[in-house]
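Bear in mind these aren't lab numbers, they're just calculated from the coordinates by the rules spelled out. Just so you know, these numbers come straight off a predicted model, no measurement behind them. When we count neighbours, we look across all protein chains shown, and the Cβ atoms used for this are built from the backbone with ideal geometry, even at glycine.
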Amino acid sequence: MSEQRVPEVPDPPTIRAAIGLGCRAPSVHNTQPWRWVFDGTRLHLLRDTDRQLTAADPRARQAVISCGAALHHVRTAFASHGWRTDTVRLPDPPRPDLLATLEFQPWPNPPMGVFRRAEAISRRYTDRLPLAEPVGWGSVRLALDDLVSPHEVTLDVLDEDARARLSVASEQSDALRHYDMDYQGELRWWAGHPGTPEGVPPSALVSESERSRVGVARKFPTPGPSARRGDLHDHARLVVLTSTDETPSTWLHTGEALSAVLLECTASGMSSCALTHITELSAGRRLLSSLIAHPGIPQVVIRIGTAPDDQQPPPTPRRPLVDILTVQ
């Protein structure tokens with residue numbers, strides 16, 4: 001009788017290190033709606049249904065996109081430690097909260113791009129301030145197309161004329177939500193509070209005057225008047241991640257593509273800001289659909305530019321590892 005082969009798996013310190021780094025991924029309102037379970041051979045990603053935004057995200061689309069970003073971040077972190085992760089997405093249809101299962105194989109020589117993007121994880125942040133034009137955009141754009149293509153989404157770059165129309169759509173979105181007390185209560189719960197392991201802290205928010213110079217931005221509770229970056233008006237590129245359908249699998253892939261874009265931009269010295277408020281309402285989606293050159297469903301808008309200063313805000317908080325990782 002042949003002996004059963006014992007699968008090779010990362011040791012516990014590597015698992016904790018990779019999950020801890022990977023969960024620096026962005027999420028809607030920094031809700032961090034994910035849980036990880038390691039059963040001894042496989043790693044499982046689950047959506048934490050208790051952290052869903054019932055007013056802003058009733059179908060959990062943004063929560064699944066957030067989990068997809070965490071999935072890509074974590075896989076990138078494991079790859080930088082020499083582990084390939086074979087991933088089955090939505091492996092158990094009766095359990096929609098189980099989003100992915102990962103099995104491990106040693107990977108002694110991952111591509112150099114993996115290490116660039118893994119190193120960028122701890123430096124990436126959401127820059128809501130005005131940005132200058134991205135330097136070296138042409139070559140980075142080609143790399144981004146290659147990175148999103150495995151996830152069956154397209155990266156559509158909007159022309160400069162679209163900025164004014166998107167700014168109007170952004171303002172209309174805020175106006176439509178102004179008297180939505182559930183939405184406003186949710187926003188105040190998750191934003192503007194210092195010293196918590198979740199949510200958007202005051203240091204990551206912008207004042208009304210700063211937001212007016214960005215144009216395309218979600219309106220959060222503001223931390224007060226400020227004049228960071230002087231009189232700079234936003235010249236970031238506006239790109240849209242567009243899918244062909246609207247399913248949890250698509251949302252998960254969208255999050256993975258989003259992660260790849262943000263990390264590659266960070267590794268290339270650019271700053272970025274992912275925006276989902278325009279795609280929360282049908283009017284915003286219709287406008288975005290009219291601005292891209294092919295049929296599709298807009299999922300996420302991303303601002304990509306260059307921060308004109310070297311002053312990076314403090315990292316946004318993250319939940320302790322013990323709250324998101326279970327080792328069986």
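Hey, among the residues in segment 269-286 that are among the hydrophobic types (A, V, I, L, M, F, W, C) and outside any strand (DSSP E or B), which one's surrounded by the fewest Cβ atoms within 10 Å (Cβ to Cβ)? Quick ask: steps written out before the conclusion?
Here is the first cut: in segment 269-286, the ones among the hydrophobic types (A, V, I, L, M, F, W, C) are 270, 273-275, 278, 281, 283.
Filter again for outside any strand (DSSP E or B), leaving 270, 278, 281, 283.
Numbers: MET270: 22, ILE278: 23, LEU281: 15, ALA283: 13.
Among those that are among the hydrophobic types (A, V, I, L, M, F, W, C) and outside any strand (DSSP E or B), it is ALA283.
So, in segment 66-124, of the ones that are assigned to a loop (DSSP other than H, G, I, E, B) and polar (S, T, N, Q), which residue ends up farthest from ASP11 (Cα to Cα)?
Checked segment 66-124; the qualifying residue farthest from ASP11 (Cα to Cα) is SER122.
Among the numbered criteria (1) without any contact (Cβ under 8 Å) to a residue 60 or more places away in the chain; (2) surrounded by fewer than 23 Cβ atoms within 10 Å (Cβ to Cβ), which one does ALA55 miss?
Going through (1) without any contact (Cβ under 8 Å) to a residue 60 or more places away in the chain; (2) surrounded by fewer than 23 Cβ atoms within 10 Å (Cβ to Cβ) one by one, ALA55 breaks only (1).
Looking at THR242, THR279, can you tell me which residue is under 19 Å from ASP156 (Cβ atoms) and without any contact (Cβ under 8 Å) to a residue 40 or more places away in the chain? Walk me through it before giving the result.
Working: THR242 fails: without any contact (Cβ under 8 Å) to a residue 40 or more places away in the chain.
Just one listed residue meets the conditions, THR279.
If I ask for residues that are free of Cβ contacts under 8 Å to residues at least 24 places away in the same chain and either surrounded by 15 or more Cβ atoms within 10 Å (Cβ to Cβ) or among the charged types (D, E, K, R) (or both), which ones from segment 287-315 would you list?
Residues satisfying the conditions are SER289, ASP310.
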